Amino acid sequence: NFCDKQNLRYKRVKNMSFYIGIIIFIFTFYLIVSEKIPGVWAALLGGLAMRFCFIISQDDMIRAVGDNLDIVFLLIGMMIIVHIIAETGLFQWVAIKLAQFVRGEPIPLLMILVLITALFSAFLDNVTTILLIAPVSIVLAEQLEIDAIPFLIAEAMASNIGGTATLIGDPPNILIASKANLTFNDFIFHLTPVIIINLIVFLITIWIFFRKKMKVKNVMKVRVMELDATRTLKDKKLMIQSCSIMLIVLIGFFTHSTFHIEPSAIAFGRALILSIIAKKDPEEIFKTVEWKTLFFFIGLFILVEGVVKIGAIEMVAQWAIKLTNGSLKLTAMLILWLSAICSSIVDNIPYTATMIPIIGGETGLINNISNIMGNTPEIHSTVRYALWWSLSLGACLGGNGTLVGASANVVAAGIAAKSGRSISFMKFTKYGLFIMFQSMIICSIYIWFRYLI
């Protein structure tokens, strides 16, 4: 009787923690969406509420931040490097050259920047790509006297699309590859085709969305064509030094798996070296770091840890999977769409980590569905690819759904705010949800015809 009472009390406490955690998450999300208080305060408040309500411990908080410190240091390092490069005038030079290449026409310019962003994101971290491309975009918009926000929104989404194409492009793909024994070439062969289709449709969509906002007077086009790009270069020696450091960083990103040095250490270490070479005062450098963006991430890390701790993500995943009753077609479609929806609300890294054992564990969906279908090598391979690629596409592309769905979105909003512009939650989501559902329809068709027929 004593054990029964203890178990009953434990279940009541667990149920209470679950409901309190859900309420905290929904209320935090409401504060971020409504913008009644700054998003960084809302995220930190939600994260701390999880602790004060004893849903997570102090150790959980420390682990939530510690497990994501690579993102924080990667951001700090790249912010410092990008700031020093910007001081040399290189971004203005690139911006003017690009504007002159398209003769001051804003739509072709937007298309070029989107394609560059998607390509870079396939081989670099999405956040790094945004930190490199966004400053150029802002300078271009200022030169043409048009709104920079469409550029930043489109580039954030393009980084999420391009990052899905390769193993190293987005963190969920790295997690999936390590657990499913999938190679770099597997991702290229299976995901790159559908990402190319997505990117083409995305280019058409943003042309429809933003073409009316891209009106440039002829006098501005003439003015851009007459600009002398070389006059923007302020410190050629520092430019060469900073570009050399940047090249080393990019090489480090490409080879980090070979030498086992984390991208965060590469970026932060080179930022320190560049600051010393440029003879920058630490106080001056630290002022350039976008602490608002970093603390927003920290708040989200702790908040999501609480959601994971109460078992909400795992519960939703398992409940939804039961609805398919062992059907490969239904299971693949459900994983794809569930992953997209969940990843637009919570960070896709903990979501993917939760789904991996459900899909690929010893008693996971791959083995269960394979056994039901006959469990030949061909059937097992088909089931394996259908489910893993559904998870990858949903988790990565779902990040376009909302402002908090992907790190690149948050960073783009932070860069916009620093330049005196604003990308609100609703402004981003107005476009993001459409792009997300559009991508999921394309991916559903692709998965269906390539693996399920």
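The values are calculated or read from the model by the stated rules, or taken from the named source; none is laboratory data. Fair warning: this is a prediction, and the values are worked out from it, not measured in the lab. Heads up, the Cβs are rebuilt from the backbone with ideal geometry, glycines too, and the neighbour counts pull from every protein chain shown. Areas reflect the complete protein model, heavy atoms only, side chains present, ligands, DNA and RNA absent. Shrake-Rupley method; radii C 1.70, N 1.55, O 1.52, S 1.80 Å.
With Rg and the Kirkwood Rh both taken from Cα atoms, where does Rg over Rh land for the stretch 78-198?
Values: Rg = 15.8 Å, Rh = 15.2 Å.
Reported Rg/Rh (Cα atoms, Kirkwood Rh): 1.04.
For Cys53, Cys396, the ranking by accessible surface with the largest value first comes to Cys53, Cys396, using a 1.4 Å probe. Taking only the Cα atoms of the stretch 280-431, the ratio Rg/Rh comes out at 1.12, with Rh defined as the Kirkwood radius.
Of Ile285, Leu328, Ser275, which is farthest on the positive side of the dipole of the stretch 269-330, counting Cα position, with +1 on Lys and Arg Cβ, -1 on Asp and Glu Cβ, and the Cα centre as origin? With unit charges placed on the Cβ atoms, the residue in question is Leu328.
The angle between the Cα long axis of helix 263-277 and the main principal axis of the chain comes to about 30°, on a 0 to 90 degree scale. What the Cα atoms of the chain give is an Rg and a Dmax of 23.0, 88 Å. The amide H of Val346, built 1.01 Å from its N in the peptide plane, has no neighbour under 5 Å, considering only residues 5 or more places off or on other chains.
What does the helix-only formula give at 222 nm for the chain: each DSSP H stretch with n ≥ 4 adding -39500 (n - 2.57), the total divided by the residues, and the result rounded to the nearest 500 deg cm²/dmol? Before the final figure, lay out each step's value.
Values: 22 runs with 354 residues, N = 453.
-26000 deg cm²/dmol, from helical runs alone.
Positive end of the dipole of the chain (Cβ unit charges, origin at the Cα centre): among Leu110, Ser17, Ile302, the Cα lying farthest that way belongs to Leu110. Determine the distance separating the Cα centre of the stretch 413-453 from the Cα centre of the stretch 345-396; give it in Å without decimals. A separation of 23 Å, based on Cα centres.
Given charges of +1 on the Cβ of Lys and Arg and -1 on the Cβ of Asp and Glu, with all other atoms neutral, how large is the dipole of the chain about its Cα centre, in debye to the nearest 20?
880 debye
The angle between the Cα long axis of helix 106-123 and the main principal axis of the chain comes to about 50°, on a 0 to 90 degree scale.
The GluC sites (Glu not before Pro) found in the stretch 132-202 that occupy coil by DSSP, while having at most 15 further C-beta atoms within 10 Å, are Glu145. Think of a 1.4 Å ball rolled over the protein heavy atoms: the chain then has 46 Å² of accessible area per residue.
Which stretch or stretches of the stretch 284-309 have amide N atoms under 16 Å from the point lying 7 Å from Trp41's Cα along the Cα→Cβ direction? Under 16 Å, as judged by backbone N against the label point of Trp41, lie 292-293, 295-296, 299 of the stretch 284-309.
Remark: spin-label model distance Ser34-Ile208 equals 3.3 nm, labels positioned 7 Å along the Cα→Cβ axis.
Residue by residue, the stretch 66-77 carries 3J(HN,Hα) couplings of x, 5, 10, 5, 4, 5, 4, 6, 4, 4, 4, x Hz when phi is fed to the Karplus relation 6.51 cos²θ - 1.76 cosθ + 1.60 (θ = phi - 60°); x denotes Gly or Pro.
When Rg and Dmax are taken over the Cα atoms of the stretch 400-453, they come to 14.9, 51 Å. Taken about its Cα centre, the stretch 234-325 carries a charge dipole of roughly 300 debye when the Cβ of each Lys and Arg holds +1 and the Cβ of each Asp and Glu holds -1.
Relative to the longest principal axis of the Cα atoms of the chain, the long axis of helix 2-34 lies at roughly 30 degrees.
Listed by chain and number, the lysines placed with their C-alpha closer than 19 angstrom to that of Lys212 are Lys221, Lys427, Lys430; residues fewer than eight positions away on the same chain are left out. Counting protein heavy atoms only, the chain has 66 percent of its accessible area on carbon and sulfur, 1.4 angstrom probe. Projecting label points 7 angstrom from Cα along Cα→Cβ for Glu314 and Ile441 puts them 3.7 nm apart. The simple spin-label model puts a point 7 Å past each Cα toward its Cβ; for Ile174 and Ile248 those points are separated by 2.1 nm. Computed from point charges on the beta carbon alone (+1 for Lys and Arg, -1 for Asp and Glu), the dipole magnitude for the stretch 303-453 about its Cα centre is near 500 Debye.
Pop the C-beta distance of Val201 and Ser381 into the FRET formula with R0 = 30 Å and round what comes out to the nearest 0.05.
Working: r = 29 Å, r/R0 = 0.96.
Here the calculated transfer efficiency is 0.55.
Sorting Phe120, Phe210 on solvent-accessible area from highest to lowest, probe radius 1.4 Å, gives Phe120, Phe210.
What does the extension gain come out to for Val289 and Lys236, with contour length at 0.36 nm per residue minus their alpha carbon separation?
Computed gain between Val289 and Lys236 is 16.7 nm.
If the segment from Met373 to Val222 were pulled out straight at 0.36 nm per residue, it would be longer than the present Cα-Cα gap by 47.8 nm. 3J(HN,Hα) couplings calculated from phi for the stretch 225-239 with the Karplus curve 6.51 cos²θ - 1.76 cosθ + 1.60 (θ = phi - 60°) are, in sequence order, 5, 8, 5, 9, 4, 5, 6, 7, 6, 8, 9, 5, 5, 5, 4 Hz; Gly and Pro show x.
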